[in-house]
Each structure stands twice: as C-alpha cells, then as structure tokens.
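Written below as structure tokens is the structure these notes are about.
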Ligand code: FAD
Ligand code: NAI
C-alpha cells in the first residue's frame with residue numbers, strides 16, 4: 001500500500017487526503033496548527049466561535065455542490081441567511097447601499113473548520129507539527145519537524161501550503177524551487193473582531209473602501225459569538241503589517257462608529273494577522289506545481305484563483321495527480 005504525506009490540513013489537504021484514502025492509499029496529514037482548518041478556522045471563545053478567516057463559501061461547480069450537499073446533510077454546514085450590503089466610498093465620503101442578491105452562501109457549523117474536520121475523520125492527522133525539511137532517498141521521503149521528530153517511509157508528498165511557505169520548505173530541503181513567480185500570489189489581511197450591536201443595514205457588507213474589504217456580523221451564524229469581523233484590504237494590511245492589535249482596534253472602532261453609525265458600546269475582542277490570505281489579482285493563478293519524478297506535488301486555493309471552492313478542487317486535482325502517476329507506473333512495469 002502506498003504511503004502519502006499531506007502537509008497542510010486546510011481544505012486542500014483534507015480534500016486530497018479523503019480522495020486518496022478512498023482510493024486505498026495510506027495517508028498521514030501534518031499541520032503546524034493546533035487543529036485542522038487552516039484559513040478556514042474559527043477561534044473558540046466562551047461566547048461562541050469567531051470566524052477570523054473565511055467568512056462563507058459559495059458553490060459553482062457540480063463536484064463542489066455535491067460535497068456541500070453532503071456537509072449540509074451531515075450537519076457540518078448550513079446556509080448563511082445573510083443580508084448583503086455595499087459600503088461605498090466616494091470623494092472621501094462613505095455610504096451604505098442595499099446590495100441584495102440571489103447568491104446562496106454557506107458556513108461551517110458550529111465553526112468554519114467543521115467541514116474540514118469531517119473530511120479528515122478517521123484519517124491520521126498530526127497537529128502542532130511544523131515540517132521544516134524534506135529529504136528524498138531511494139524513492140522514499142522523510143519529513144523533519146521543528147521538534148526534531150522524523151517521519152519516514154513516504155512514497156509521495158503533497159504540499160498544500162501557501163506558496164511562500166512551500167517555497168521556503170523546498171529551499172530548506174535543497175529541492176529545486178518551482179515557486180519563483182508564485183510566492184507573492186497571496187496577499188496579507190488583518191482581521192479584527194469587535195463586540196457591537198448589529199447594524200440594521202445588513203450582516204455581509206462588501207466594501208469598496210480605501211481600508212476595508214469585507215465586514216460581517218455573526219448574529220445569523222449558528223454557534224458564533226454575535227460580533228463584527230472586519231477584514232482590512234490587502235493594501236492597507238500590507239502598509240501597516242507590523243502594527244500592534246491596538247492600532248487595528250482603533251481603526252475598527254472608528255469605522256464602526258463613523259461609517260456604520262453604531263451608537264452603543266464597541267469593545268475590541270481579537271486582532272489576527274494573516275500573512276497569506278487572498279489572491280493577488282495581478283499574478284496569474286499558476287495551477288499545480290509538480291515534481292513527478294520525485295512524487296512531490298504542490299497546490300492550493302492559489303493554484304486556481306483563491307476561494308474555498310478552488311481549495312477543494314485543488315485537493316481533488318492533487319489526489320488525481322498522485323493516482324494517475326501510480327497508474328502510469330503500473331502500466332510501464
Ligand atoms: P490553508 O487553509 O492556508 O492551509 C494550509 C495549512 O498548512 C495551514 O493549516 C497551515 O497551518 C499549514 N502549514 C503551513 N506551513 C506548514 C508547515 N511547514 N508544516 C505543517 N503545516 C504547515 N474564501 C472564501 O471562499 N470565502 C471567504 O469568505 C473567504 N474569506 C477569507 C478571509 C480571510 C481573512 C482569509 C485569510 C481567507 C479567506 N478566504 C475565503 C480564502 C480561504 O480561506 C482559502 O481559499 C482556503 O481556506 C485555503 O485553503 P488551503 O487548504 O489551500 O490553505
Ligand atoms: P461572492 O460571489 O459572494 O463574492 C465575490 C465577490 O463579488 C465579492 O468579493 C464582491 O466583490 C462581489 N459581490 C458579491 N456579491 C455582492 C453584493 N451583493 N454586493 C456587492 N458586491 C458583491 O463569493 P465568492 O465568489 O465565493 O468569493 C468568496 C469571498 O471570499 C469573496 O467575497 C472574497 O472577496 C472573499 N475572500 C476574502 C479574503 C480576505 O482576505 N478577506 C480572501 C479570499 C476570499
């Protein structure tokens with residue numbers, strides 16, 4: 001039985017691992033985080049979860065629609081009954097406009113990572129384990145963790161990390177770096193959670209704004225702390241990348257009080273910096289990165305244009321690449 005190491009337990013890694021296990025491969029998934037989910041994670045608090053990363057997902061392809069249907073039936077996802085609004089900014093003035101649409105938007109329940117955890121059920125998952133180096137000898141891969149632990153005997157490795165992190169791992173492993181033009185595919189995002197009453201305008205606020213990308217209120221999300229989450233846009237996040245949480249709380253407070261006209265108390269909860277968050281529209285999506293001779297494959301949401309659906313599809317494509325390569329080997333023996 002072929003042994004496969006999947007590095008990264010986000011939606012890409014989980015979709016790849018599930019597909020490979022269904023095809024009879026022996027899979028172990030590694031993640032540096034304390035649990036699976038990656039950028040689809042929510043932070044647990046006494047008042048409920050905070051969705052600091054992905055806010056919702058849409059399903060456009062048939063294959064992802066089928067997977068979402070399974071999550072809905074399994075109780076790991078729900079439709080988010082949100083009201084959509086546009087925060088526009090022209091000539092220095094902001095205005096909130098109704099922007100209702102027919103798009104169905106889904107959330108994980110009780111937290112965003114629930115669908116990822118469902119895919120990984122019964123699959124070997126090693127968390128709090130950052131892989132810092134790979135080595136390939138006699139057609140077998142070994143993985144070295146930050147703690148000095150060695151995991152050996154893998155026939156193939158899938159990297160499902162943001163490209164800058166995959167590039168770093170490849171470089172430290174003296175492997176040919178194939179990410180020269182892709183390391184800047186993903187841009188940063190500061191995410192800030194603030195306790196405040198919900199604006200009557202709506203709970204999914206798309207922003208055409210010099211600082212912001214998206215604001216959501218979690219009042220209609222099952223299992224969540226009923227608060228605001230503000231996502232600052234890539235340019236503003238990059239400009240102030242190293243500013244402390246207090247800077248972000250102050251920015252968020254001004255936006256909620258002056259632009260959303262929140263009158264009641266506004267309390268800071270959490271500020272989180274994502275170094276690799278969203279697709280840079282200026283860099284073409286590179287597809288999968290492959291080293292077939294060494295059975296090494298890399299991909300993620302960034303391979304196909306960002307978004308959770310593309311992470312899922314990248315996971316399927318990575319698994320198919322492995323399956324296809326072993327079929328070819330069998331045919332040539
Ligand atoms: P990731 O989720 O990043 O998974 C990679 C995993 O690799 C991580 O868990 C990480 O811990 C692990 N890792 C990294 N390095 C190592 C290492 N050396 N060793 C071991 N493990 C390692 N998409 C939407 O569709 N809708 C949204 O509303 C939305 N909003 C977003 C808001 C924010 C703030 C962010 C950050 C993203 C958002 N996205 C959204 C994008 C979506 O979250 C991603 O497309 C998706 O989660 C990517 O999944 P992935 O598995 O490819 O990567
Ligand atoms: P979607 O179809 O809801 O949104 C796609 C984009 O269309 C939005 O970003 C927005 O610009 C626009 N849009 C959609 N509905 C709108 C409305 N009613 N009014 C005004 N504008 C509207 O969902 P899809 O295609 O699944 O995209 C996922 C979402 O994840 C996007 O909103 C994307 O921006 C967001 N995302 C955020 C990241 C971050 O760093 N904060 C990272 C990656 C994705």
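What to note about this one:
- Of the three principal axes defined by the Cα atoms of the stretch 248-296, the extents in descending order read 61, 23, 12 Å.
- Rg and Dmax of the stretch 161-210, Cα atoms only, in Å: 18.6, 55
- Relative contact order of the chain, taken over Cα pairs closer than 8 Å and 6 or more residues apart, is 22 percent.
- Centre-to-centre separation between the Cα atoms of the stretch 276-333 and those of the stretch 45-87: 24 Å.
- Taking other Cβ atoms within 10 Å as a rough exposure proxy, 19, 58, 160 sort from fewest to most as 58, 19, 160.
- Per-residue ellipticity at 222 nm computed for the chain from its helices equals -7500 deg cm²/dmol, with DSSP H segments shorter than 4 residues left out and the rest contributing -39,500 (n - 2.57).
- For the chain, diffusion coefficient by Stokes-Einstein and Kirkwood Rh (Cα), 37 °C, 0.692 mPa s, µm²/s: 158
- Highest to lowest packing among 2-8, 171-177, scored as the average C-beta count within 10 Å: 2-8, 171-177
- Computed from the alpha carbon atoms alone, the convex hull of the stretch 233-322 holds 145 Å³ per residue.
- Solvent-free Debye scattering, log10 I(q)/I(0), computed from the Cα coordinates of the stretch 186-255 at q = 0.19, 0.24, 0.25 Å⁻¹: -0.75, -1.10, -1.16
- The share of Cα pairs per 5 Å bin across the stretch 66-109, counted from zero up to the longest distance, runs 5, 19, 19, 13, 12, 11, 9, 6, 4, 1 percent.
- Taking 18, 178 and counting other C-beta atoms within 10 Å, the order from fewest to most: 178, 18
- Here the spin labels are modelled as points 7 Å beyond Cα on the Cα-Cβ line, and at residue 69 and residue 175 they lie 3.6 nm apart.
- Mean projected area of the Cα convex hull of the stretch 5-147, taken over all directions, amounts to 13.2 nm².
- Its alpha carbons give the stretch 53-132 an Rg and a Dmax of 17.5, 55 Å.
- Shape summary: the stretch 1-62 maps onto an equivalent ellipsoid whose semi-axes, from the alpha-carbon gyration tensor, are 26, 16, 8 Å in decreasing order.
- The angle separating the long axis of helix 62-74 from the principal Cα axis of greatest extent in the chain is about 70 degrees.
- Computed over the alpha carbons of the stretch 97-244, Rg followed by Dmax gives 20.4, 63 Å.
- Taking the C-alpha atoms of the stretch 184-301, convex hull volume expressed per residue in Å³: 140
- Sorted on the mean count of surrounding Cβ atoms within 10 Å across their residues, most packed first, peptides 311-319, 286-294 read 311-319, 286-294.
No value in this document is a laboratory result; all are computed from the given coordinates. What you are looking at is a predicted structure, and each value in this text was computed from that prediction instead of being measured. As a convention, Cβ positions derive from the backbone with ideal geometry for all residues, glycine included, and neighbour counts pool all protein chains shown.
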